[in-house]
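All remarks here apply to the structure that follows.
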Amino acid sequence: MKTCLVAAALVLALSLSVSACSGDDGPATASDPAAPGAPADPPTPPTAVPASSGEVRSAGLPTVMDTGDGAELCLGAIAESYPPQCGGPRITNWDWAAQDGVFDQQGQVRWGTFAVTGTWDGSAFTVTSSIPGPLYDPMMPTPVELPEPTVDYSAAELDDISRALSEELPGYQGSYADEAGHVLVDVVYDDGSLQAYADEAYGDGVVVVNGALLEA
């Protein structure tokens, strides 16, 4: 009988000890850490395409398209049709008469490729000079060395970042992940603020922002 009482006392003591250790001090299981490179407080995405403080130039030979309602600067994809179909920011002061006839026309639709320089207010482009594509002699591009990503994302994570940037970056034109751990993003224009946001949100060197309009 005495042995049974001792055993019961030991069971009760053990039960009280376990209860004391599992009180209200916190959860019994650990939470998952944040995703690699993700800041504790994610930055707020920018809300508008930045304006330039000085003159900018087109990175290549964009198409200027005018369907009769005014000229637009096509900085994104162009549908291969005749006439081609594209759209973009309004050009405030385009003058077809000043282009020496180096453009195509069908009915009231006029279009052509031009290297343009001008000012950018975040929504419209004002031309200060233009060179028709057939007369343009571009310089050889300088090879650009991409930065080393500071965060090692998987291919699936990079694809997720690419999709997220389509909603986060104003003036987004397209993006894709390369095999070296980057997401390359095309935008209308970046004064550095879009790149700064991407670096803070995803880690330095992961996202590389390229503008269709560059500092002149």
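Each listed q (0.14, 0.27 Å⁻¹) maps to a log10 I(q)/I(0) for the stretch 82-132, found by the Debye formula over equal Cα scatterers with no solvent: -0.38, -1.24. Within the full protein context, the accessible area of Glu200 is estimated at about 110 Å² for a probe radius of 1.4 Å. Using 1/(1 + (r/R0)^6) with R0 = 45 angstrom and r between the beta carbons of Asp159 and Asp100, what's the FRET efficiency to the nearest 0.05? Once the sixth-power term is evaluated, E becomes 0.50. Surface composition of the stretch 167-216: carbon plus sulfur atoms hold 45% of the accessible area, using a 1.4 angstrom probe and ignoring ligands, DNA and RNA.
Name the chymotrypsin sites (Phe, Trp or Tyr not before Pro) in the stretch 97-199 that are in a loop by DSSP and that have at most 15 other C-beta atoms within 10 Å, would you?
Numbers: sites: Phe103, Trp111, Phe114, Trp120, Phe125, Tyr136, Tyr153, Tyr172, Tyr176, Tyr189, Tyr197; in loops: Phe103, Tyr136, Tyr153.
Passing sites in the stretch 97-199 are Tyr136.
Potential lengthening of the chain between Glu145 and Thr128 amounts to 3.0 nm, from the contour at 0.36 nm per residue minus the alpha-carbon distance. Per residue, the stretch 72-216 exposes an accessible area of 55 Å² to a 1.4 Å probe, with every protein chain left in place.
The values are calculated or read from the model by the stated rules, or taken from the named source; none is laboratory data. This is a predicted model, so every value here is computed, not measured. Using ideal geometry, Cβ is built from the backbone for each residue, glycine included, and neighbour counts are taken over all protein chains shown. Note: accessible area is taken over every heavy atom of the protein model, side chains too, but ligands, DNA and RNA are not part of it. Shrake-Rupley method; radii C 1.70, N 1.55, O 1.52, S 1.80 Å.
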